[in-house]
């Protein structure tokens, strides 16, 4: 039996036989037509139960038998990504100014930059990131460990959100950042979290240390 995360699988609930799901990494949920066709073709080839769009904007293939896992990945020829484990998960991103008339900043550009730097980075606990192009926060910034949303003046950085069994809304750390300054500040937050977390999520660390103390450490 494969463990969760081994070969990129997540074990599924079942009564007769153990099956698995895989969710190839689709950075920021952007997928090309040929990728969709390949996902559908592979799903049909291995007669899987269903495909599911996940909350992290990935497309999971559900109901794969253990003996088919290697073949599915070979036929897909796609990155498994990091859907489990103590690391940075997929970055959730809204359409931003490229596609949304309400967007104030380029969330896709920012999200792809964050994904390239941080996706899969091992940390004391799992971390979720989100990027929204405006204050409406369609990427659910308020329940992300680290998130950015755009305004006409730049980027607002929030920390400490958590949508788990112990929910917590994010706090604003700093506002009106340029693109480069926002990326740099996210890096400082990740480094601070790595050095100061005791295996708890970002929100629990903020509650323990205090937002003012964290602001003082990061912003001076």
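Here are a few things to note about the model shown:
- 222 nm mean residue ellipticity, helices alone, for the chain (DSSP H n ≥ 4; -39,500 (n - 2.57); rounded to 500): -9500 deg cm²/dmol
- With bins 10 Å wide beginning at 0, the percent of Cα pairs of the stretch 1-120 falling in each bin runs 13, 41, 31, 12, 3, 0.
- Classification of the stretch 151-209 by its C-alpha gyration tensor yields an oblate form. The axis ratio a/c (a ≥ b ≥ c) is 1.5 or more, and b/c is at least a/b.
- DSSP bridge analysis restricted to the chain gives an antiparallel fraction near 75%, rounded to the nearest 5.
- The mean sequence distance of close C-alpha pairs (under 8 Å, at least 6 residues apart), as a share of the length of the stretch 80-146, puts its relative contact order at 39 percent.
- The stretch 68-138 shape via C-alpha gyration tensor axes, a/c threshold 1.5: oblate
- Diffusion constant of the chain at 4 °C, which comes from Stokes-Einstein with the Kirkwood Cα-pair radius and 1.567 mPa s, µm²/s: 71 µm²/s
- Top of 135, 198, 16 by mean-square fluctuation, Gaussian network on the chain, Cα under 10 Å: 16
- Rounded tilt (10° steps) of 107-118 against the dominant C-alpha axis of the chain: 80 degrees
- Mean separation of Cα pairs under 8 Å and 6 or more residues apart, divided by the residue count, gives the chain a relative contact order of 13 percent.
- Between helix 179-196 and the chain: long-axis angle, C-alpha atoms, 0 to 90°, nearest 10: 80 degrees
- Working from Cα pairs under 8 Å separated by at least six residues, relative contact order for the stretch 88-219 is 20 percent.
- Beta bridge orientation in the stretch 26-139: antiparallel %, DSSP, nearest 5: 55 percent
- Per-pair calculated FRET efficiency, R0 = 25 Å: residue 136 and residue 208 via Cβ, rounded to 0.05: 0.25
- Of every Cα-Cα pair in the stretch 88-219, the percent that sits beyond 22 Å: 28 percent
- Computed P(r) (all Cα pairs; the stretch 6-76; 10 Å bins; percent): 20, 57, 21, 2
- Look at the Cα gyration tensor of the stretch 95-173: its axes a ≥ b ≥ c give a/c of at least 1.5 with a/b at or below b/c, and that counts as oblate.
Just so you know, all these numbers are worked out from the coordinates, no wet-lab data involved. As the structure is a computational prediction, the values presented were derived from the model and not from experiment. Here the Cβ is made from the backbone with ideal geometry for all residues, glycine too, and neighbour counts use every protein chain on show.
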